[in-house]
1. Of all the residues that make up region 251-276, how many are within 13 Å of the ligand (Cβ to nearest atom), hydrophobic (A, V, I, L, M, F, W, C) and more than 14 Å from Asp229 (Cβ to Cβ)?
2. Condition check: touching a Pro at 6+ places or on another chain (Cβ under 7 Å) and either charged (D, E, K, R) or surrounded by 20 or more Cβ atoms within 10 Å (Cβ to Cβ) (or both). Does Leu30 satisfy that?
3. Taking Pro323, is it touching a residue at least 12 places away in the same chain (Cβ under 8 Å), surrounded by fewer than 19 Cβ atoms within 10 Å (Cβ to Cβ) and in contact with an Asp or Glu (Cβ under 6 Å, 6 or more places away or on another chain)?
4. Against the definition (modelled with pLDDT of 95 or more and part of a helix (DSSP H, G or I)), how does Asp345 come out, yes or no?
5. Being surrounded by fewer than 19 Cβ atoms within 10 Å (Cβ to Cβ), in a loop (DSSP other than H, G, I, E, B) and at negative phi is the filter here, so list the residues in region 204-231 that pass it.
6. Quick one: Leu305 ticks every box in (1) in contact with a strand residue (DSSP E or B) (Cβ under 8 Å, 6 or more places away or on another chain); (2) farther than 22 Å from Ala196 by Cβ; (3) away from the ligand (no atom under 11 Å from the Cβ) bar one, so which box is it?
7. Could you list all residues from region 114-172 that are among the aliphatic types (A, V, I, L, M) and assigned to a loop (DSSP other than H, G, I, E, B)?
8. Would you mind listing the strands (runs of 3 or more DSSP E) fully within region 260-305 where at least 2 residues are touching a helix residue (DSSP H, G or I) at 6+ places or on another chain (Cβ under 8 Å) and not polar (S, T, N, Q)?
Amino acid sequence: MSEGGPAVRRLADWDREHLRSLADEFGSPLYVTDLQRVRENCHRLREAFPDAHISYAVKAHAGRAVLETVRDAGIDAECASAGEVERALEAGFPGDRVRYTAVNPPAADLDHVVSRWEENPEMTITVGAADTIDRLRERGFDGRLCLRANPGIGAGHHEKVRTGAHAKFGIPIDRVPDLAEDVRDDVALVGVHAHAGSGISGDDLSAHRELVRRMGDLARSIDGLEFVDVGGGFGVPYREDEPPLSLDAVADATREALGDTDARLAIEPGRYVVADAGVLLSRVNTVKDVPETTVVGIDAGMTTLLRPAMYDAYHAISNLSRPDAEAVSTIIAGPVCETSDVFADGRLLARPERGDLLALGNAGAYGYEMASTYNSRPRPAEVVLDGDESRLARRRETLDDITTLERTASEHIPN
Ligand code: LLP
């Protein structure tokens, strides 16, 4: 197989025996992340966009091993918070390969990022509101600045992830040229940016094209820009029969829509890099036949993988313990006391028994990152694979981890 590997890695392509042995060794629920697949995905992106500047949207998976792998694959880091900036720098991204995209940034984030910028003056900060520039200036920032435009075009797999037209994000695109003129004397204006949304499929390509076209026009109206960043959002197939997005088609559409610009094209995918590099393993706690279906209770829940509860997202699920059993229609549910804690309803699954191990596919992007401790449930462990090696990348959280931050009602908590 080439360095880029296959265009898509489906749940059925994982080594079932290996996954079972990992769950035996490390317990469940367990995230498993294959670093080789992360490398392949980075490689494919670089092949499809050879001239572009590529950053990885750290929010998709900010684990140390993933960040180091992306760094070594020559892709930079796009960070959405001070915490992500910190983790990128800690993972060895040099300052000139780190960009911070401020979204309604809390003062503490700006304090922290500016102090990190002082040590890494090649870092770039992207702002989506004019007054964020004032707040940065108050803290002494006069470095590399990028303006995030709101191009009025959103796209993506769910209403909740369509960013490009939402007033929360970016500066209305027609105001960006004037603002660019205004800030020029105070900072080094290096780029413009926009992001349509997440999980863009082949059907959304026309929206992507229109966004890129508007960004090309914007970039041509401002002199001296280094880059024009058209965001991330490249989708991956979550359903078994869904064809993969053609990266080449996206790249062609992007180049054509951008037109000639002195500014270099930049992209910042997250999901594409990590989604199919990860699976979530979970054991069956309980099997309950009710008149209309079979309810399969598993030890992962919406606190482990939020996407189905939040976006009705589909994740492929298979029974690794009993792949040949007769398929039955199931509800696959978690242990959280919430109606929305359901991974699938009406899903055909090889009839499971208590103790069976299930795998949920495409869990590498926005999986662990969105995990929570709701219902006082510790977050899961994560194992990384690299070739024949596997090792614990993140230990399982304990109940002590959850309670360690609090004091009794009568204890004085120092601020
Ligand atoms: N750039 C910006 C400014 C973004 O806001 C995002 C994602 C990305 C890049 C990367 O998008 P990607 O290539 O990963 O689609 N939790 C949701 C996705 C939220 C994405 C938020 N922003 C999900 O699980 O589907």
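1. Restricting attention to region 251-276, the residues satisfying the condition of being within 13 Å of the ligand (Cβ to nearest atom) are 266-276.
Within this subset, residues satisfying the condition of being hydrophobic (A, V, I, L, M, F, W, C) are 266-267, 273-275.
From what is left, the residues that are more than 14 Å from Asp229 (Cβ to Cβ) are 273-275.
Residues in region 251-276 being within 13 Å of the ligand (Cβ to nearest atom), hydrophobic (A, V, I, L, M, F, W, C) and more than 14 Å from Asp229 (Cβ to Cβ): 3 in total.
2. On the way: touching a Pro at 6+ places or on another chain (Cβ under 7 Å): yes; either charged (D, E, K, R) or surrounded by 20 or more Cβ atoms within 10 Å (Cβ to Cβ) (or both): yes.
So Leu30 passes the test.
3. Numbers: touching a residue at least 12 places away in the same chain (Cβ under 8 Å): yes; surrounded by fewer than 19 Cβ atoms within 10 Å (Cβ to Cβ): yes; in contact with an Asp or Glu (Cβ under 6 Å, 6 or more places away or on another chain): no.
No: the conditions fail for Pro323.
4. Values: modelled with pLDDT of 95 or more: yes; part of a helix (DSSP H, G or I): no.
When the stated conditions are applied, Asp345 does not pass them.
5. Listed by number, the residues that qualify are Ser221, Asp223, Glu226.
6. Of everything listed in (1) in contact with a strand residue (DSSP E or B) (Cβ under 8 Å, 6 or more places away or on another chain); (2) farther than 22 Å from Ala196 by Cβ; (3) away from the ligand (no atom under 11 Å from the Cβ), Leu305 misses just condition (3).
7. Of region 114-172, the ones among the aliphatic types (A, V, I, L, M) are 114, 123, 125, 127, 129-130, 133, 136, 145, 147, 149, 153, 155, 161, 165, 167, 171.
Selection gives Met123, Ala129, Ile153, Ala155, Ala165, Ala167.
8. Working: elements: 264-267, 278-290, 293-298.
Because the criterion is at least 2 residues that are touching a helix residue (DSSP H, G or I) at 6+ places or on another chain (Cβ under 8 Å) and not polar (S, T, N, Q), the strands (runs of 3 or more DSSP E) in region 260-305 that meet it are 264-267, 278-290.
The values are calculated or read from the model by the stated rules, or taken from the named source; none is laboratory data. If you're wondering where the values come from, they're calculated on a predicted model, not measured in any experiment. All Cβ positions, even for glycine, are placed from backbone atoms using ideal geometry, and neighbour counts span all protein chains on display.
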